[in-house]
Amino acid sequence: MPLTQKIFAVIFSVLFLYAIFEMVRKRRLLEQYSVIWLALGTIMLVLGLWYDALLFVTRLIGAGFTSSTLFFFGITICLLLNLQASFELSRNATHIKNLTQEVALLKHELEEKQKEMNQ
Amino acid sequence: MSPSDTIIILPAYNEANHILQTLADLSSVSTQAEYDLLVINDGSTDQTADLARQAGCPCLSLPVHLGYGTALQTGYKYAVRNGYRYAIQMDTDGQHDVRFLPEIHRQLRLKTADVVVGSRFLPHDETSPTPRRPIYAGTLLRRLGIRLFRIILRLWGLSVTDPTSGFVGLQRSACEFLATDIFPFDYPDADVLLLLHRNGFAIREIPVYMYTNPERGSIHRGCAPFWYMIKELLAVLFAGVRSREIV
């Protein structure tokens with residue numbers, strides 16, 4: 001692996017990890033959602049530094065090129081993360097709906113009680 | 001608690017132009033002791049809630065606009081919590097002829113079914129009142145959709161003529177069932193009937209009149225009807241393949 005490629009891979013991984021770290025620090029990303037991204041950044045960093053590991057995985061899955069291995073895992077992980085985001089979104093939509101309904105029901109109840117008290 | 005055991009659930013989103021007429025129509029077919037009314041204001045940006053309250057109708061306001069299904073289910077939850085035996089849902093935009101409300105109510109009281117659906121396609125007999133305006137059967141796409149949903153529902157043994165009707169009466173048991181997270185709150189339509197049917201609720205249709213709403217046309221143009229059809233088709237198919245919630 002040429003040195004420039006290695007330097008680029010390492011710089012990119014470090015910046016990526018730093019971005020995730022900063023987002024968690026500034027509370028833009030919850031800790032529980034940062035785990036997967038930190039793991040991904042670490043894997044990128046490891047593969048950038050340790051080319052033999054990438055060669056090993058490539059042989060293991062029977063791919064012809066190391067780039068195929070990276071694309072395969074990269075795209076698969078993106079798909080899974082998107083699916084997970086949709087899952088969270090669906091669950092949150094139900095929660096928001098239930099909470100909104102509860103607010104409306106309780107507010108109405110409160111108004112009725114106040115009306116009764118004023119009479 | 002009020003003396004009535006029946007609640008009329010009226011989901012409303014930006015219906016300032018129609019709400020007073022609908023409430024006036026409702027008071028013309030019933031005495032106050034017969035039904036309790038509840039407008040569910042689905043985060044309207046106009047005067048819907050104020051007008052309903054001024055007209056003396058209880059109004060429950062959702063703080064944000066989350067759509068018809070959410071508003072409707074809020075009504076079910078309210079009905080269940082406040083001990084109503086029967087709930088009847090209808091639109092506030094004047095599409096549903098309120099003169100058929102007593103008949104839906106009567107069927108509920110006679111316990112002829114758990115769910116009484118007002119159908120615009122069932123033939124009327126001589127006891128029916130004369131229509132007030134030209135009767136509406138839907139746009140071409142809508143009618144094709146209704147035919148398709150009829151066929152799909154029949155595959156699961158449910159024969160209805162108007163699977164997308166929003167003029168529906170429910171026994172308390174059905175209301176309790178739909179007040180849970182089982183309820184498909186995005187586009188409750190034909191899929192709800194299938195859901196109810198597959199979980200053992202008896203469904204019965206009675207003939208009603210429905211009218212067109214001239215202002216409605218505008219929002220149903222463009223891609224919206226197609227998107228609706230695809231979503232509803234998916235919802236119906238999933239409602240058909242899910243395992244029963246009540247065993």
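So the values come out like this:
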{"quantity": "Residue among A:Leu40, A:Leu106, A:Leu81, A:Leu29 that is at pLDDT 90 or above and more than 13 Å from the chain's Cα centre (by Cα)", "calculated": "A:Leu106"}
{"quantity": "In the range B:10-58, the residues that are open to solvent by less than 50 Å² (accessible area, probe 1.4 Å) and hydroxyl-bearing (Ser, Thr, Tyr)", "calculated": "B:Thr22, B:Ser30, B:Tyr35, B:Ser44, B:Thr48"}
{"quantity": "Selection from the range B:59-68 of residues that are without any contact (Cβ under 8 Å) to a residue 24 or more places away in the chain and open to solvent by less than 50 Å² (accessible area, probe 1.4 Å)", "calculated": "B:Cys59, B:Leu60, B:Ser61, B:Leu62"}
{"quantity": "Failed item, numbered, when A:Asn98 is tested on (1) open to solvent by less than 70 Å² (accessible area, probe 1.4 Å); (2) more than 14 Å from every other protein chain (Cβ to nearest Cβ); (3) without any contact (Cβ under 8 Å) to a residue 40 or more places away in the chain", "calculated": "(2)"}
{"quantity": "Matching residues, the range A:24-56, being without any contact (Cβ under 8 Å) to a residue 24 or more places away in the chain and open to solvent by less than 80 Å² (accessible area, probe 1.4 Å)", "calculated": "A:Val24, A:Leu29, A:Tyr33, A:Ser34, A:Leu38, A:Ala39, A:Val46, A:Ala53, A:Leu54, A:Leu55"}
{"quantity": "Candidate set: the range A:57-70, residues that are among the hydrophobic types (A, V, I, L, M, F, W, C) and loosely packed, with under 12 Cβ neighbours inside 10 Å; chosen: the one nearest to A:Val14 (Cα to Cα)", "calculated": "A:Phe65"}
{"quantity": "All positions within the range B:167-190 that are assigned to a loop (DSSP other than H, G, I, E, B) and in contact with a strand residue (DSSP E or B) (Cβ under 7 Å, 6 or more places away or on another chain)", "calculated": "B:Phe167"}
{"quantity": "Failed item, numbered, when B:Ala137 is tested on (1) touching a helix residue (DSSP H, G or I) at 6+ places or on another chain (Cβ under 7 Å); (2) buried (at least 17 other Cβ atoms within 10 Å of the Cβ)", "calculated": "(2)"}
{"quantity": "Checking B:Ser27 against (1) more than 19 Å from B:Arg106 (Cα to Cα); (2) more than 15 Å from the chain's Cα centre (by Cα), the condition it does not meet", "calculated": "(1)"}
{"quantity": "Hits in the range B:76-103 - residues which are in contact with a helix residue (DSSP H, G or I) (Cβ under 9 Å, 6 or more places away or on another chain), touching a residue at least 60 places away in the same chain (Cβ under 8 Å) and within 12 Å of chain A (Cβ to nearest Cβ)", "calculated": "B:Tyr76, B:Lys77, B:Tyr78, B:Ala79, B:Val80"}
{"quantity": "Any chance B:Ser128 is surrounded by fewer than 22 Cβ atoms within 10 Å (Cβ to Cβ), among the polar types (S, T, N, Q), part of a loop (DSSP other than H, G, I, E, B) and on the phi < 0 side of the Ramachandran plot", "calculated": "yes"}
{"quantity": "Test: residue in the range B:136-151 that is in a loop (DSSP other than H, G, I, E, B) and in contact with a Phe, Trp or Tyr (Cβ under 8 Å, 6 or more places away or on another chain)", "calculated": "yes"}
{"quantity": "Enumeration of residues in the range B:154-175 that are closer than 19 Å to B:Tyr35 by Cβ and open to solvent by 50 Å² or more (accessible area, probe 1.4 Å)", "calculated": "B:Arg172"}
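The values are calculated or read from the model by the stated rules, or taken from the named source; none is laboratory data. What you see is a predicted model, and the numbers here were worked out from it, not measured in a lab. Glycine gets a Cβ as well: all are built from the backbone with ideal geometry, and neighbour counts include every protein chain shown. Note: accessible area is taken over every heavy atom of the protein model, side chains too, but ligands, DNA and RNA are not part of it. Shrake-Rupley method; radii C 1.70, N 1.55, O 1.52, S 1.80 Å.
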